[in-house]
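Here the structure is laid out as structure tokens; the discussion comes afterwards.
The values are calculated or read from the model by the stated rules, or taken from the named source; none is laboratory data. Values in this document were obtained by computation on a predicted structure and should not be read as measured data. Using ideal geometry, Cβ is built from the backbone for each residue, glycine included, and neighbour counts are taken over all protein chains shown.
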């Protein structure tokens, strides 16, 4: 019984630590990344996660034809510049920020509605450290108000 109690207590602590990290990343996204969407209108979603150097993450999102969008990717100051690539459903590369001076934003207009894949990568810092750096990474989306 005592062992079960310790296990439950440990799971509760892990849950609160994960929740706290997630909440911190959401706050980071609101404060640091949302302004990068201006003059586009934020879509209301906050996509943020705590990532280590060398880690990658993928996000799939549907975009609609005729709409103009801005994608903004931000990483904590302790992380190297975040790399991101965007692929269409046929796995064609649409954008690679490493070929655009590591830009944090990409503006685009969809010719047809489709789901895109956004690949995020936290590169390993050129300055080796004992422990890999960890920080919040956020992907945010905005759209232009067409007035229709």
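If the condition is being out of contact with any helix residue (DSSP H, G or I) (no Cβ under 8 Å at 6 or more places or on another chain) and modelled with pLDDT of 90 or more, then segment 125-136 contributes 134, 135. The residues of segment 33-52 that are closer than 22 Å to residue 80 by Cβ and more than 12 Å from the chain's Cα centre (by Cα), listed by number, are 35, 36, 52.
With a requirement of 3 or more residues that are under 19 Å from residue 35 (Cβ atoms), the strands (runs of 3 or more DSSP E) lying completely within segment 57-148 that satisfy it span 68-75, 105-109, 134-143. Looking only at residues in segment 53-76 that are surrounded by fewer than 14 Cβ atoms within 10 Å (Cβ to Cβ) and within 14 Å of residue 124 (Cα to Cα), the one that is farthest from the chain's Cα centre (by Cα) is 54. Here residue 33 clears all of (1) outside any loop (DSSP other than H, G, I, E, B); (2) modelled with pLDDT of 90 or more; (3) within 11 Å of residue 139 (Cβ to Cβ) except the condition numbered (2).
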